[in-house]
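Inspection log for the structure reproduced underneath, given as structure tokens.
No lab work stands behind these numbers, since they all come straight from the coordinates. All figures in this text were calculated on a predicted structure; none of them were measured in a lab. Virtual Cβ from ideal backbone geometry, glycine too; neighbours counted across all protein chains shown.
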Amino acid sequence: MHGPVSPAWLLVALCAATGAYCLLRMRSGVEEQRRAAGGEALMGFGMAAMAVPAAVFAPPRWVWPLYAAVFGLAALRALWSARRSAHHLHHLLGSTAMVYMAVLMAAAPAPHHHTGGSGPAWLTGALLLYFTGYVLLTGARLVPVTVRGGPGAVRWGDRPELSRVCRLSMGIGMLAMLLTM
């Protein structure tokens, strides 16, 4: 991504930490949470890798089609899983946004391939609008969360407020990445 290096590293750290927490959530006793956490871990680590400043590492051109393929498969999986849970529609949009950004990176001229190209303004705007709404809604849902049975009743990896913080972090990261497109 382009822009100042310090914010890019903060985005890398945020997304990598979110991906790591989601990996830990995959150990949950709740099957649906394990499935969602796997997709969110992939998204967190993918966003972290994509956000590494170009001044530090400019990946070869073949990386972007690979990103598009990986997140295209993740989008298909999310589409299939959306039959069971509407939450997977968010995973579908997130994976689609990653495919979109990877395609723009692949299509950018070689000297500027890490700064991305400009895609259709309506699509970038629609994704920005969705993720802005998602961040605001998820942030608002953080406030009233209560855990029944006291703090010892729920394992820390299964706490709903931590899952929401994870999703909020990735939504903010996605907004930051889309703004650089």
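See the values below:
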| read-out | value |
| --- | --- |
| Set of segment 50-69 residues, backbone N closer than 17 Å to the point 7 Å along the Cα-Cβ line of residue 5 | 51-59 |
| Per-pair calculated FRET efficiency, R0 = 35 Å: residue 76 and residue 141 via Cβ, rounded to 0.05 | 0.80 |
| For segment 1-90, the fraction of alpha-carbon pairs in successive 10 Å shells from zero, as % | 17, 39, 32, 11, 1 |
